[in-house]
Structure formats: C-alpha cells, structure tokens
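Below: the structure, in structure tokens.
The values are calculated or read from the model by the stated rules, or taken from the named source; none is laboratory data. Worth saying up front: this structure is predicted, and the values here are computed from it rather than measured. A quick note on method: Cβ atoms are made from the backbone with ideal geometry, for glycine too, and the neighbour counts reach across all protein chains shown.
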C-alpha cells in the first residue's frame, strides 16, 4: 500500500507525459494534413511544399497505419521528380497521387473524406490561377531579356521639340 501510494504520482506524471506526447504528435500530423488540404490547388505554394517535406518527419514507417502514408508519399515524390514527358498525362497522374496521399492521411487521422471530395471539393478563384500564370509569364520574359535571348522593345513617344535659340545680331 505504501509503495502504491509513493509510486502513484510518478505513474500519473508518466501517463500524462505519454498522452501529451501522443496528442502533440497527432497535432503535428493534423497540421501537415490540413496544410496540404488547404493548399492542394496551389502545389507551388511554400506552405504546400513545406508540408510535403514534413511527412517524413511526422509519419513513421514503424507504425503500420502510418506506413501506408509514407509509401504513397514516396510514390508521389518519385512522380514529382520524374521528367514531364507529356505534361497533361503527368499532371493527371500527379493529381491522382496527391488525392491518394490525402485520402490515406485523412483515414489515418479519422477524417471521412472520399477521394472525389478531395479531388473536386476545391475552391480556386479564376483570378488566382490567372495571376499565377501572368507572374510566371512575366518572370520568364524578364529572365529572357536579362539573359539576352529576347530584345526589350522600346517605343519613344511625345518627344519634346527643342527650340533652338534665335541668333540675335548685336
């Protein structure tokens, strides 16, 4: 009885620490998942890329349920690293792999999303994609000018006419 009384606070502290560690680990996994879900239409965003790179840190191959997430992530990473021979086919495969990854993460974290919801349940204003395309086009054009592979067109308008001083005889 004395031993149980003496050890109770230690056991309680250890149990509390384990629960806190488990909740913290789950919170980090949730953060990765929520970031990827929120940015799935903006795969070039810094937040999206950072969340992808945290998968190996937050999910473990040693845990059977998490191993599936890691394996799908590896397939997705391999695809992202492969050359884009046919951009359209490559893009479709990329979307399918991302959906598979988010679906596996969602199942692990007790979310009940279908693959169709993950794939199609995205709000993306047209202005966002248009702005991204314009910024990309502008960036490429500026680089071409700076590299010397494109001329910078210049047009002069409204040249002020300079009046010549009149000769005055003295």
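Residues considered: 114, 45, 60, 149. Of these, the only one that is surrounded by fewer than 10 Cβ atoms within 10 Å (Cβ to Cβ) and at pLDDT 90 or above is 149. Scanning segment 127-141 for residues that are free of Cβ contacts under 8 Å to residues at least 12 places away in the same chain and either assigned to a loop (DSSP other than H, G, I, E, B) or surrounded by 12 or more Cβ atoms within 10 Å (Cβ to Cβ) (or both) gives 129, 141.
Of 124, 116, 89, which residue is under 23 Å from residue 43 (Cα atoms) and in a loop (DSSP other than H, G, I, E, B)? Please lay out each step first, then the result.
Numbers: 116 fails: in a loop (DSSP other than H, G, I, E, B); 89 fails: in a loop (DSSP other than H, G, I, E, B).
124 is the lone residue from the list that is under 23 Å from residue 43 (Cα atoms) and in a loop (DSSP other than H, G, I, E, B).
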